Amino acid sequence: MSLRALLVIAVAVLQGCGGDDAPPERPPFEPPAAPVPLSEVTDDSPLAANCEAGAAGTLYVASEVEPWVAANPLDANHLIGTWQQDRWSNGGARALLAAVSRDGGGSWARRQVPFSRCTGGNSVNGGDYSRATDPWVSFGADGTAYWMAMTIGGPDSSATAMRVARSLDGGDTWEAPITLIHDVAPYQNDKNAVTADPTDASYAYAVWDRLNSVDNNGPAWLARTTDGGATWEAARKIYDPGFGVQTIGNQVAVLPDGTLLNLFTEIRFDGPGPDGSALKVLRSLDHGVTWGTPVTIAEVLAVGVSDPENGTAVRSGSMLGAIGVAPDGSAWVAWQDARFSGGARDAIALSRSDDGGLTWSAPIRVNAAPETAAFTPAVQVAADGTVGVLYYDLRDNTADSATLLASLWLATSTDGVAWQERLVAGPADLGFAPFALGLFYGDYVGLAAANGFVPFFAQQFPSTANRTNIYAVALPAQPPATLTATKASYQVGAAPKLAMTVEWAMRIEQNIERDRHHFPDDLRPGQLPRYLR
């Protein structure tokens, strides 16, 4: 029997085992106090009941997930974070909310924009959508803030759009969102990011993938502003990977010399061989007018994460990469990968480029506990050149099947070889999180480089009426000596030379197929399934 046939059988078995069924309800777990006191950004839901005007699926009211955060380059104490509010089990949330901090993350004031019906969207202001997802925020060189969202549904249940709002007062008030693209079947827009150019306040770049069920692919698309967000150019395709291949997780990073790097994952899902994916970058030397051919960083060899006691899936954004840029121009990319254990479990991989993204170093593992799964990384570089990698892992989990204990860690290094790691928060019960085709804190997590690092993250809240909250904490670039009980020093190296096995290849394909075959209830049959929402 061929490897491809084995993989197809394995995926069918996986799907037949009820892997997408929500786990049974469990009593709340009380997380211990964090080493450094956390700021609670969210609490109860401010949204009105039934504000989305009807929808299918399980609604987790007062759950907040998938956070992102940015720091103002003119004031490191000025932060804006955004997240999904009231997550649905089958795709998106009722709304996206934001919060502003002007004291380095100590206190936060919530804000909202009419991206969807639950925050005032309607047919007049362009926000007549039942759901929103994939929140992203970025500050420009002059302090202008940009907030991007993917919106879903509305009068046509297959509709998806990409929308951007601008703030000229640091996030206290926002202009009406501008729609960059609006599609219905057979097209779907997905997984967006907006990046304001730190070298020129005139420019900002919005990117996403546009899935096409006719051509069976998902090219990378871009819209940009050249006048500080007052207007946006027409959206356009910047890379087409061809039939049976899609991009996902597009995100622009800007190097100090103005070079743009568009990081993305390229997924091969309809070809003669097994499914697979690789992290790549596109380069632009002219503010996004033209783009070169893709440069491969590494294959993504993630197998995904699940509860070791009962097999419940954890939706961790396992195919997505994260990118950070250092003051010296080096670029750093982090992602989940099982290459360090021969396919046994995911770890956090990191690669570096010192030549503008043309070449990349062999991946190293940066998580300090290789015997347990680690997932959902973020990477940023502080002003002093310290690299910070934020991630969750399961090292504090126990054999108790009633809980799935996950902790949040920050690994830091000044040279990419010697690392120190400190506990940020947890352990908390990830099994208590909303079940959105897997236990879900988000496909990504926020990390700002501002007077050190500010993790901006989701964690279990011990209440059945409020499963998760968003928290923030300001940390120095290097862990204080007093944190001896919650930090570790270690060195890492490249992954060992391990041969790909049939079992490992099957688990990689299972992970890709599990994510690619999520059909939200609010989409029409026959559409190309959205990869991660």
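Among the candidates Gly426, Gly431, which residue alone is small (Gly, Ala, Ser) and not in a strand (DSSP E or B)?
Matching residue, one of Gly426, Gly431: Gly431.
Can you tell me which residue in the range 370-391 is surrounded by the fewest Cβ atoms within 10 Å (Cβ to Cβ), limited to those that are within 17 Å of Ala428 (Cα to Cα) and without any contact (Cβ under 8 Å) to a residue 60 or more places away in the chain?
The qualifying residue surrounded by the fewest Cβ atoms within 10 Å (Cβ to Cβ) is Thr372.
So Ala399 passes all but one of these: (1) surrounded by fewer than 21 Cβ atoms within 10 Å (Cβ to Cβ); (2) within 20 Å of the chain's Cα centre (by Cα). Which condition number does it fail?
It fails just one condition, (2).
Results for (1) out of contact with any strand residue (DSSP E or B) (no Cβ under 8 Å at 6 or more places or on another chain); (2) open to solvent by 30 Å² or more (accessible area, probe 1.4 Å); (3) at pLDDT below 50, shown as yes or no for each residue.
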| position | (1), (2), (3) |
| --- | --- |
| Ala474 | no, yes, no |
| Ala477 | no, no, no |
| Ala481 | yes, yes, no |
| Met500 | yes, yes, no |
| Arg514 | no, yes, no |
| Arg530 | no, no, yes |
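Condition check ((1) open to solvent by 10 Å² or more (accessible area, probe 1.4 Å); (2) assigned to a loop (DSSP other than H, G, I, E, B)) across all residues:
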site	(1), (2)
Gly311	yes, yes
Trp335	no, no
Gly357	no, yes
Ala368	yes, yes
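Answer with yes or no whether Thr376 is at positive phi and touching a strand residue (DSSP E or B) at 6+ places or on another chain (Cβ under 7 Å).
yes
In the range 345-355, what count of residues is obtained for those that are open to solvent by less than 50 Å² (accessible area, probe 1.4 Å) and in a loop (DSSP other than H, G, I, E, B)?
1
Quick check on Leu261: is it more than 17 Å from Asp240 (Cβ to Cβ), buried (at least 20 other Cβ atoms within 10 Å of the Cβ) and in contact (Cβ under 8 Å) with a residue 60 or more places away in the chain?
Yes: the conditions hold for Leu261.
Could you list, in sequence order, all residues of the range 181-208 that are part of a strand (DSSP E or B), open to solvent by less than 10 Å² (accessible area, probe 1.4 Å) and under 13 Å from Val254 (Cβ atoms)?
Ala193, Val194, Ala196, Ala204, Tyr205, Val207
How many residues does the range 209-248 contain that are closer than 16 Å to Val289 by Cα and either open to solvent by less than 10 Å² (accessible area, probe 1.4 Å) or in contact with a helix residue (DSSP H, G or I) (Cβ under 9 Å, 6 or more places away or on another chain) (or both)?
Looking only at that region, the number is 4.
Tell me the residue from Arg87, Arg26 that is in contact with a Lys or Arg (Cβ under 9 Å, 6 or more places away or on another chain), under 30 Å from Pro308 (Cα atoms) and either part of a strand (DSSP E or B) or open to solvent by less than 60 Å² (accessible area, probe 1.4 Å) (or both), please.
Being in contact with a Lys or Arg (Cβ under 9 Å, 6 or more places away or on another chain), under 30 Å from Pro308 (Cα atoms) and either part of a strand (DSSP E or B) or open to solvent by less than 60 Å² (accessible area, probe 1.4 Å) (or both) holds for just one of Arg87, Arg26, which is Arg87.
Does the range 110-122 contain at least one residue that is assigned to a loop (DSSP other than H, G, I, E, B), without any contact (Cβ under 8 Å) to a residue 60 or more places away in the chain and among the polar types (S, T, N, Q)?
Yes, the range 110-122 has at least one match.
Every residue, every condition in (1) surrounded by fewer than 19 Cβ atoms within 10 Å (Cβ to Cβ); (2) over 19 Å from Val445 (Cα atoms); (3) modelled with pLDDT of 95 or more, yes or no:
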| residue | (1), (2), (3) |
| --- | --- |
| Gly91 | no, no, no |
| Leu97 | no, no, yes |
| Ser101 | no, no, yes |
| Gly106 | yes, no, yes |
| Phe115 | no, yes, yes |
| Gly121 | no, yes, yes |
| Tyr129 | no, yes, yes |
| Thr133 | no, no, yes |
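Every residue, every condition in (1) assigned to a strand (DSSP E or B); (2) buried (at least 23 other Cβ atoms within 10 Å of the Cβ); (3) at pLDDT 95 or above, yes or no:
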position	(1), (2), (3)
Gly143	no, no, yes
Met150	yes, yes, yes
Glu175	no, no, yes
Thr179	yes, no, yes
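Hey, can you tell me all the residues within the range 438-459 that are open to solvent by 10 Å² or more (accessible area, probe 1.4 Å) and in contact with a Lys or Arg (Cβ under 6 Å, 6 or more places away or on another chain)?
Passing the criteria: none in range.
Answer yes or no as to whether Val281 is open to solvent by 20 Å² or more (accessible area, probe 1.4 Å), over 29 Å from Glu175 (Cα atoms) and hydrophobic (A, V, I, L, M, F, W, C).
no
Tell me, which residue of the range 292-321 that is within 19 Å of Tyr239 (Cα to Cα) and among the small types (Gly, Ala, Ser) is farthest from the chain's Cα centre (by Cα)?
Gly292
The values are calculated or read from the model by the stated rules, or taken from the named source; none is laboratory data. Fair warning: this is a prediction, and the values are worked out from it, not measured in the lab. Positions of Cβ are backbone-derived with ideal geometry, glycine not excepted, and every protein chain shown enters the neighbour counts. Ligands, DNA and RNA are stripped out before the accessible areas are found, and what is left, the full protein with its side chains, is counted by its heavy atoms. Shrake-Rupley method; radii C 1.70, N 1.55, O 1.52, S 1.80 Å.
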